[in-house]
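The values are calculated or read from the model by the stated rules, or taken from the named source; none is laboratory data. Because the structure is a prediction, the values reported are computed rather than measured. Neighbour counts are summed over all protein chains in view; Cβ atoms, including those assigned to glycine, are modelled from backbone coordinates with ideal geometry.
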Amino acid sequence: MLSSGFWGYRVTKIGIVTRAMVMGVVFCLICANTVRAEAQNDLVWVQIEAHPDLVTAQARLRAYGADPTTAPLAGFIMQTGMYALALGPLPRAEAMARLSDLRAAGRIPRDSYLQSAQNYTRQFWPIAAEAPVVIAIDPLPEPERPSTVAGQEAADRAPTARPTLAEAQASEAALDPSARDDIQRALAWHNHYYGAIDGAFGPATRAAMAAWQRANDLPETAVLTETQRARLLADWRDDLASLGLETIRKTEAGIQTLIPASLVEFAAFAPPFAVFAPKDARGVEVILISADGGATRLQSLFDTLTGPEIMPQGGMRDLLRDGFSLAASDETRFATGFARLEGDAVKGVLIRGPAAQYLQIARLMPQIEDSFTSFDGVLSATSQP
């Protein structure tokens, strides 16, 4: 059992939010109808995972979305209230074959099984949202400009015309690819967008824009004006600035990754961990995982980190051939992380802290995982700061 002094700081809980998944609108509509029809055609689903909370389930769907072998994937609320990840629907024989192949390849958990639609209620992923209503924003009448000085001053104080939809579309069309990507990242940060960061403003991005406008009491045109884009991006960048994102490189651990440097500072090596302790009362910690050994070491770390002292009841405990993901939560604490097999070493990141800090860190995790790089070097008993 891991003691409170294992790396000098008490471990709380572990959770992950990984990269966003791409699901087409056509698939959304098909999924919405096939659950009702599949029983008549002996179609079944390969249920991969089930989680007690929506946040974890959505994070896992995004993670699986990066793997084309697990498509088509959907999320359903079960009769029990759990949130299920399911592949399909497929004819029973094909589903059995996919289940066997994916298990053997280590792509899905060993306890995955076939499930019928009768055990599912409402679909929550992908969201087959209706197309947003596009509202034309007519400009305000041009104020008359009196010839007197007083009249000119009054005209100058008159409110400026709101941009029309056509003007918003024109300014959007002028955005470069980087700016379009940032719009999607900002929408994802605010929990409105769950697709790929590809700069393509398709139905999912349009729905996210409309949702952001609705959340900010703005007309839902699904096209952001120049002013609205500036506000969205400013809010996103302010949040990132508060975290102080910084790329750190620890040669002793063989790891380079983004960390929220405003929240943590390096404290000590405690092999196989490098600990970044909290800087302030927000209480967030970052722990790098760096250990030698292959699959056996991966299993050992998995067993340690899923012990009752570290993992609360329930949660996600996924061990695959090339890594693991852990997630657990309660009312007071959170943690999020991952580990990968990198040749003959295990490398990864855990972030933990009070529950009040979870949302910001959860939003940040896709960027951390994207930035994570492993190179030669693992922590040893002689590692020094």
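Miscellaneous remarks
- Some residue of segment 316-330 being among the polar types (S, T, N, Q) and more than 19 Å from ILE287 (Cα to Cα): no
- Boolean, LYS347 is among the basic types (Lys, Arg) and without any contact (Cβ under 8 Å) to a residue 40 or more places away in the chain: no
- Evaluating TYR83 against the criteria (1) buried (at least 17 other Cβ atoms within 10 Å of the Cβ); (2) modelled with pLDDT of 85 or more leaves one unmet condition, (2).
- With respect to (1) out of contact with any Ser or Thr (no Cβ under 6 Å at 6 or more places or on another chain); (2) more than 17 Å from PHE338 (Cβ to Cβ), the lone exception for PHE269 is condition (1).
- Exactly one residue among ARG297, ARG282, ARG317 is more than 21 Å from ALA356 (Cβ to Cβ) and either assigned to a loop (DSSP other than H, G, I, E, B) or modelled with pLDDT of 90 or more (or both), and that residue is ARG297.
- In segment 254-273, the residues that are farther than 30 Å from HIS190 by Cα and not in a strand (DSSP E or B): GLY254, PRO271, PRO272
- Those residues of segment 320-361 which are of a type in the set (A, V, I, L, M) and in a helix (DSSP H, G or I), in sequence order: ALA355, ALA356, LEU359, ILE361
- Candidates are the residues of segment 368-379 that are over 17 Å from the mean Cα position of the chain (by Cα), part of a loop (DSSP other than H, G, I, E, B) and not acidic (Asp, Glu); the one that is nearest to HIS190 (Cα to Cα) is PHE375.
- Within segment 192-239, the residues that satisfy the criterion of being assigned to a helix (DSSP H, G or I), among the hydrophobic types (A, V, I, L, M, F, W, C) and surrounded by fewer than 19 Cβ atoms within 10 Å (Cβ to Cβ) are ALA215, ALA230, LEU233, ALA234.
- Subset of segment 243-253 (residues that are touching a residue at least 60 places away in the same chain (Cβ under 8 Å), in contact with a strand residue (DSSP E or B) (Cβ under 9 Å, 6 or more places away or on another chain) and not in a strand (DSSP E or B)): LEU243, GLU252, ALA253
- Of all residues in segment 283-312, exactly one satisfies the criterion of being closer than 20 Å to ARG110 by Cα and touching an Asp or Glu at 6+ places or on another chain (Cβ under 8 Å), namely GLY294.
- Scanning segment 232-277 for residues that are under 30 Å from ASP217 (Cβ atoms) and of a type outside the set (A, V, I, L, M, F, W, C) yields ASP235, ARG237, ASP238, ASP239, SER242.
- Candidates ALA268, ALA277: the one that is surrounded by fewer than 19 Cβ atoms within 10 Å (Cβ to Cβ), within 29 Å of ASP318 (Cα to Cα), in the same structural domain as GLY343 (by TED's automatic domain parsing) and more than 26 Å from the chain's Cα centre (by Cα) is ALA268.
- Within segment 328-371, being crowded, with 17+ Cβ neighbours inside 10 Å, over 21 Å from THR306 (Cα atoms) and either at pLDDT 95 or above or aliphatic (A, V, I, L, M) (or both) holds for LEU364, ILE368.
Per-residue answers, yes or no, for (1) under 13 Å from ALA339 (Cβ atoms); (2) of a type in the set (Gly, Ala, Ser):
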position: ARG282; (1), (2): no, no
position: ILE287; (1), (2): yes, no
position: ALA291; (1), (2): yes, yes
position: GLY294; (1), (2): yes, yes
position: ARG297; (1), (2): yes, no
position: SER300; (1), (2): yes, yes
position: LEU305; (1), (2): yes, no
position: ILE310; (1), (2): no, no
position: ASP318; (1), (2): yes, no
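Conditions tested, residue by residue: (1) under 21 Å from the mean Cα position of the chain (by Cα); (2) among the polar types (S, T, N, Q); (3) in the same structural domain as PRO109 (by TED's automatic domain parsing); (4) more than 26 Å from ALA186 (Cα to Cα).
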position: ILE310; (1), (2), (3), (4): no, no, no, yes
position: LEU320; (1), (2), (3), (4): yes, no, no, yes
position: GLY323; (1), (2), (3), (4): yes, no, no, yes
position: ARG340; (1), (2), (3), (4): yes, no, no, yes
position: GLY343; (1), (2), (3), (4): no, no, no, yes
position: LEU359; (1), (2), (3), (4): yes, no, no, no
position: PRO366; (1), (2), (3), (4): yes, no, no, no
position: ALA381; (1), (2), (3), (4): no, no, no, yes
